[in-house]
Amino acid sequence: MSQKNFLRDLLPRGVQSSALRPKTDFTTKRRRNASLACTECQKKRAKCSGTMPCTRCITKECECIYDPTSDRRSKAYISELLNSQAALCRIVSMIRSGAYDEISCLLWEIQNQKTDQEAITYLIQDGR
């Protein structure tokens, strides 16, 4: 057997048809992810276009609402977490190094607040 039977002829480089050439056109726009999804897309765990109203809400004919407070990556949310952490660190420090009278006063103030959040807000504003 000769090798000529197993090999096929190749076309020269300049003669290839456009159908065989790989697509190198990068002008098509890539879809960008929205940084914050609307509440409806969040509930359905669907991709949100990020426009107002979003594409999904238009097609489903539902109300498109964006809640900026639900974005846990925002600077405001991170700032709140850092403030809460600092307040808790101050409380632990006071409990560890404070006198019994200071600790009982702090405990009384915390217990007399209606909610945990009110107690934290009190401690942050009080500067303890």
Legend entry - Derived scalar couplings ³J(HN,Hα) [region 68-73; Karplus, 6.51 cos²θ - 1.76 cosθ + 1.60; whole Hz; x for Gly, Pro]: x, 6, 7, 7, 7, 9
Inset, instruction - With a point put 7 Å past each Cα toward its Cβ, work out how far TYR122 is from ALA34 in nm, to one decimal. - result: 4.1
Legend entry - Inter-site label distance for THR115 and ALA76 at 7 Å from Cα along Cβ, in nm: 1.6
Inset, instruction - Hand me the trypsin sites (Lys or Arg not before Pro) from region 64-124 located in a DSSP loop with no more than 11 other Cβ atoms within 10 Å, in residue order please. - result: ARG72, ARG73, LYS114
Inset, instruction - Compute the FRET efficiency between LYS47 and ARG13 as 1/(1 + (r/R0)^6), taking r as their Cβ-Cβ distance and R0 = 30 Å, and round to the nearest 0.05. - result: 0.10
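Hull surface divided by four, with the convex hull built on the Cα atoms of region 72-126: how many nm²?
Details: hull surface 16.2 nm².
Over all viewing directions, region 72-126 projects a mean Cα-hull area of 4.1 nm².
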Inset, instruction - Evaluate the distance, in nm, between pseudo-label points positioned 7 Å from the Cα of TRP108 and of LYS60 along their respective Cα→Cβ axes. - result: 5.4
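Every number here is computed from the coordinates shown, using simple stated rules; none is lab data. Keep in mind that this is a model prediction, so the values were computed, not measured. Note: ideal-geometry Cβ built from the backbone for every residue, glycine included; neighbour counts use all protein chains shown.
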